[in-house]
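See below for the structure under consideration.
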């Protein structure tokens with residue numbers, strides 16, 4: 001049984017051209033997809049594991065990168081699941097192994113160490129010197145796969161049924177105390193993040209980070225007049241007309257860039273691409289491209305070159321103009337408050353107008369006295385109400401006695 005996986009480390013320096021803004025909070029990944037190609041398999045010695053009656057075949061599995069004729073070799077890291085020919089696989093981080101019962105997640109560093117110290121990265125002649133045996137490539141493959149299953153699936157080589165001392169010797173070496181693990185997992189072959197970014201003219205938009213296993217990266221973009229790719233200080237990194245930019249920074253795994261949009265540039269957006277000839281490194285994990293279809297998970301055993309392309313878009317718009325209304329210069333007179341005591345009744349009596357009447361006025365008219373009849377009328381109502389209330393109280397007292 002075998003399985004396959006692909007890995008890539010993200011390189012250092014990169015070569016770029018003029019670029020436009022990238023827009024998103026998620027990384028833009030040039031995802032590698034592969035398919036099993038049985039004609040490229042290299043078979044190894046069959047083995048037994050404890051608790052399993054089956055004679056297990058081992059192989060250095062041949063994979064073909066989609067759209068190319070590029071060969072990738074891988075080992076199985078999921079013993080119970082069969083490899084389905086024709087079902088594509090994609091590269092993912094170690095913690096994305098799909099089998100919930102796997103031991104790969106906790107032992108991925110041990111598997112990575114094996115890949116660095118075993119076949120095919122180390123050939124059978126060199127391994128023979130290490131273990132003191134005369135190994136051929138079949139034995140090297142069988143022992144390497146058995147050692148990987150030991151960590152990915154908890155399987156132990158059944159030494160009682162495996163009579164091949166060469167296989168046992170290499171197996172013991174690969175799972176022994178010298179295997180201290182390699183904690184750093186291979187980085188993706190090519191990523192750009194974030195995927196989206198929005199800014200305003202007059203400011204640097206970014207940073208955007210390119211991570212790749214490639215020694216150089218080519219950045220391409222169709223930028224509006226005046227918009228350029230820049231460093232953190234705003235200095236242009238490339239002449240858009242030149243088409244290329246060399247950034248020799250070989251000591252790093254990543255490189256940052258910004259997009260500089262001059263103030264006054266009309267609202268707009270641009271697209272860009274990042275292209276690289278990168279290395280698909282050993283240790284990279286490959287799982288089913290379709291979450292609904294299971295197939296054996298694999299790890300890359302030997303590095304391979306792969307051409308990749310990732311891209312994104314970016315947009316910018318002028319900040320909205322906010323108009324601030326100055327405070328009014330007209331003073332508002334607050335309501336007048338009086339501190340003097342106010343009589344209980346604050347409603348003044350209606351104003352009456354006294355119209356002089358000639359003496360001896362007609363008998364049909366009442367002479368004006370200069371006082372409104374409304375006031376005595378109100379007083380009368382109050383007295384009547386008061387009398388009625390007093391009468392009611394007296395009756396209640398009488399009845400109570």
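The values are calculated or read from the model by the stated rules, or taken from the named source; none is laboratory data. This structure is a prediction, so every number in the text was calculated from the model and none was measured. All Cβ positions, glycine included, derive from the backbone under ideal geometry; neighbour counts span all protein chains shown.
Identify all residues within segment 79-99 that are farther than 24 Å from residue 57 by Cα and part of a loop (DSSP other than H, G, I, E, B); write none if there are none.
93, the sole residue that qualifies.
I need the full set of residues from segment 166-205 which are at pLDDT below 95 and buried (at least 22 other Cβ atoms within 10 Å of the Cβ), in order please.
Once the filter is applied, which keeps residues that are at pLDDT below 95 and buried (at least 22 other Cβ atoms within 10 Å of the Cβ), segment 166-205 yields 186, 188, 189, 190, 191, 192, 197, 205.
What is the one condition in (1) modelled with pLDDT of 95 or more; (2) buried (at least 20 other Cβ atoms within 10 Å of the Cβ); (3) outside any strand (DSSP E or B) that residue 120 does not satisfy?
The single condition residue 120 does not satisfy is (2).
Suppose we keep only residues that are assigned to a helix (DSSP H, G or I) and without any contact (Cβ under 8 Å) to a residue 40 or more places away in the chain within segment 126-146. Which one would you say is surrounded by the most Cβ atoms within 10 Å (Cβ to Cβ)? Before you say what the answer is, go through the steps one by one.
First, the residues of segment 126-146 that are assigned to a helix (DSSP H, G or I): 126-131, 137-146.
So of that shortlist, the ones also without any contact (Cβ under 8 Å) to a residue 40 or more places away in the chain come out as 126, 128-129.
Working: 126: 13, 128: 18, 129: 10.
Here the answer is 128.
Anything in segment 23-44 that is surrounded by fewer than 21 Cβ atoms within 10 Å (Cβ to Cβ) and at pLDDT 85 or above? List them, or say none. Write out each step before concluding.
The first filter runs over segment 23-44 and keeps only residues surrounded by fewer than 21 Cβ atoms within 10 Å (Cβ to Cβ), leaving 24-27, 29, 31, 33, 35, 37-43.
Those that are surrounded by fewer than 21 Cβ atoms within 10 Å (Cβ to Cβ) and at pLDDT 85 or above: 33, 35, 37, 38, 39, 40, 41, 42, 43.
Checking residue 53 against (1) outside any strand (DSSP E or B); (2) buried (at least 18 other Cβ atoms within 10 Å of the Cβ), only one condition comes out false. Which one?
Only one criterion in (1) outside any strand (DSSP E or B); (2) buried (at least 18 other Cβ atoms within 10 Å of the Cβ) is unmet by residue 53, namely (2).
Take the conditions within 30 Å of residue 236 (Cβ to Cβ), surrounded by fewer than 18 Cβ atoms within 10 Å (Cβ to Cβ), modelled with pLDDT under 95 and under 29 Å from the mean Cα position of the chain (by Cα) and apply them to residue 20. Does it pass? Step through it out loud before you land on a result.
Values: within 30 Å of residue 236 (Cβ to Cβ): yes; surrounded by fewer than 18 Cβ atoms within 10 Å (Cβ to Cβ): no; modelled with pLDDT under 95: yes; under 29 Å from the mean Cα position of the chain (by Cα): yes.
Considered against the rule, which asks whether it is within 30 Å of residue 236 (Cβ to Cβ), surrounded by fewer than 18 Cβ atoms within 10 Å (Cβ to Cβ), modelled with pLDDT under 95 and under 29 Å from the mean Cα position of the chain (by Cα), residue 20 comes out as no.
Could you say which residue among 113, 149 is under 17 Å from residue 184 (Cβ atoms), part of a helix (DSSP H, G or I) and modelled with pLDDT of 95 or more?
Values: 149 fails: under 17 Å from residue 184 (Cβ atoms).
Just a single option satisfies the conditions, and that option is 113.
Restricting attention to segment 291-313, which residues are at pLDDT 90 or above, in a loop (DSSP other than H, G, I, E, B) and in contact with a strand residue (DSSP E or B) (Cβ under 9 Å, 6 or more places away or on another chain)?
294, 295, 296, 297
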